[in-house]
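This report concerns only the one structure given below.
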């Protein structure tokens, strides 16, 4: 399913991942978050860093880190409406 952040950026939400479709920092480098990362203790209050990954045309496989904050409805640099954030969290919880 295609979802949007509050600024209109598009992401693809599947049963297992959240991948940006627009707004990538470098063209062609789309970050992906494995939703199982959101199931880790402390993941939704910004206490721990979540692993992101991407495959870059120039750098190959790259990993990065972000934080999630349920109080601010944020994952990394993306902010979501409460409804969309809820969809993401429900998808993550379905992995348990």
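Evaluated against (1) in contact with a helix residue (DSSP H, G or I) (Cβ under 8 Å, 6 or more places away or on another chain); (2) touching a residue at least 60 places away in the same chain (Cβ under 8 Å); (3) not in a loop (DSSP other than H, G, I, E, B), residue 84 falls short on exactly one condition, (1). Within region 40-50, does at least one residue satisfy the condition of being assigned to a strand (DSSP E or B) and in contact with a helix residue (DSSP H, G or I) (Cβ under 6 Å, 6 or more places away or on another chain)? Yes, region 40-50 contains a residue that is assigned to a strand (DSSP E or B) and in contact with a helix residue (DSSP H, G or I) (Cβ under 6 Å, 6 or more places away or on another chain). Is there a residue in region 23-32 that is modelled with pLDDT of 90 or more and within 21 Å of residue 94 (Cβ to Cβ)? The answer is yes; a qualifying residue exists.
Just one of the listed residues (96, 54) is touching a helix residue (DSSP H, G or I) at 6+ places or on another chain (Cβ under 8 Å) and modelled with pLDDT under 95, and it is 96.
Does any residue of region 6-24 turn out to be surrounded by fewer than 11 Cβ atoms within 10 Å (Cβ to Cβ), in a strand (DSSP E or B) and in contact with a strand residue (DSSP E or B) (Cβ under 9 Å, 6 or more places away or on another chain)? Within region 6-24, not a single residue is surrounded by fewer than 11 Cβ atoms within 10 Å (Cβ to Cβ), in a strand (DSSP E or B) and in contact with a strand residue (DSSP E or B) (Cβ under 9 Å, 6 or more places away or on another chain). Does residue 63 satisfy being exposed (fewer than 14 other Cβ atoms within 10 Å of the Cβ), part of a strand (DSSP E or B) and free of Cβ contacts under 8 Å to residues at least 24 places away in the same chain? So residue 63 passes the test. Kindly establish whether residue 30 is buried (at least 16 other Cβ atoms within 10 Å of the Cβ) and part of a loop (DSSP other than H, G, I, E, B). Here the answer is yes, as residue 30 does meet what is asked. For residue 71, the requirement of being outside any strand (DSSP E or B) and surrounded by 15 or more Cβ atoms within 10 Å (Cβ to Cβ) is not met.
The values are calculated or read from the model by the stated rules, or taken from the named source; none is laboratory data. All figures in this text were calculated on a predicted structure; none of them were measured in a lab. With ideal geometry, Cβ positions are generated from the backbone for all residues, glycine too; neighbour counts draw on all protein chains shown.
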